[in-house]
Each structure stands twice: as C-alpha cells, then as structure tokens.
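Engineer: Quick one: the structure is below, and I'll ask about it shortly.
Since every read-out is calculated from the coordinates, none of them should be taken as a lab result. The structure displayed is predicted, hence computed values, not measured ones. Please note: Cβ atoms are built from the backbone with ideal geometry, for glycine as well, and neighbour counts cover all protein chains shown.
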C-alpha cells in the first residue's frame, strides 16, 4: 500500500473532484478534516470520499428537523440522539 499525506486543501479538492461539495460547505469540510485528524492521530485512514459522505452529514437545525420530521429547538436536544462533531452548522456522524 502507498499512503499519501493529505492537507486540508487536498481534502477539499478531493471532494470537488468527486462533485461532493454539495454534501458539505467549505467550513464543514474543514471541521470534518480536523475531526478526522484528531481521531486518527496515530493511524492511517483511506480517503474515501463516498464513504465519508455516507458516514457524515451536514445539517442546519432546520434541515435536521425537516429531514427527520422533528421539531427540536436547539442542538442540545439532538446531541443525545446523534454523534455531533460541530455545533454551528453541525455535522453528524451517522453512528
């Protein structure tokens, strides 16, 4: 196996090449990149854009409520139900 170190711009460009920028905005990709760096600190992971799009989702509170037909008032209510890695324009790990 050949491994390549990927920096944030490479990460964003990979999403761009796969036409997956609609899954995350640029700020969301930065948050996702930082999260992946933290959890894989000493391990290598494969940069699989499709798998990341399946495993992680970006929502605003309104989008989340519409997607899951809920009526949550704030993100703290959702935090008990999902693995949230950012609480602004939040990203959910589909656990």
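Engineer: So how much slack lies between residue 41 and residue 79, counting 0.36 nm per residue of separation and subtracting their Cα-Cα distance, in nm?
Structural biologist: Numbers: separation 38, 0.36 × 38 = 13.68 nm, distance 2.42 nm.
That pair, residue 41 and residue 79, stretches by 11.3 nm at full extension.
Engineer: Can I ask one more? Taking the number of other C-beta atoms within 10 Å as the exposure measure, put 36, 29 in order starting with the fewest. Could the numbers behind the result be given before it?
Structural biologist: Details: 36 17, 29 22.
Going from least to most buried by this count: 36, 29.
Engineer: How would 20, 58 line up from fewest to most surrounding beta-carbon atoms within 10 angstrom? Before the final figure, lay out each step's value.
Structural biologist: Values: 20 15, 58 21.
Ordered from fewest to most neighbouring Cβ atoms within 10 Å, 20, 58 come out as 20, 58.
Engineer: Let me ask you something else. Hey, what number do you get for the chain at 222 nm if only DSSP H runs of n ≥ 4 count, each worth -39500 (n - 2.57), divided across all residues, to the nearest 500? Before the final figure, lay out the partial values.
Structural biologist: Details: 5 runs with 43 residues, N = 95.
Rounded to the nearest 500, it is -12500 deg cm²/dmol.
Engineer: Tell me the label-point distance for the pair residue 53, residue 10, using the 7 Å Cα-to-Cβ offset, in nm and rounded to one decimal.
Structural biologist: Between residue 53 and residue 10, the label points sit 2.1 nm apart.
Engineer: Name the most mobile residue of 25, 43, 62, meaning the one with the largest mean-square fluctuation, in a Gaussian network model of the chain with Cα contacts below 10 Å.
Structural biologist: 43
Engineer: Step by step: find N for the chain, compute 2.2 N^0.38 Å, then divide the Cα radius of gyration by it. What's the final number? Show your work: numbers first, answer last.
Structural biologist: Working: Rg = 14.1 Å, N = 95, 2.2 N^0.38 = 12.4 Å.
Taking N as the residue count of the chain, the ratio is 1.14.
Engineer: Among 32, 61, which comes first, second and so on when ranked by fewest other beta-carbon atoms within 10 Å? Walk me through the intermediate numbers first.
Structural biologist: Details: 32 23, 61 17.
The fewest-first ordering by Cβ neighbours comes to 61, 32.
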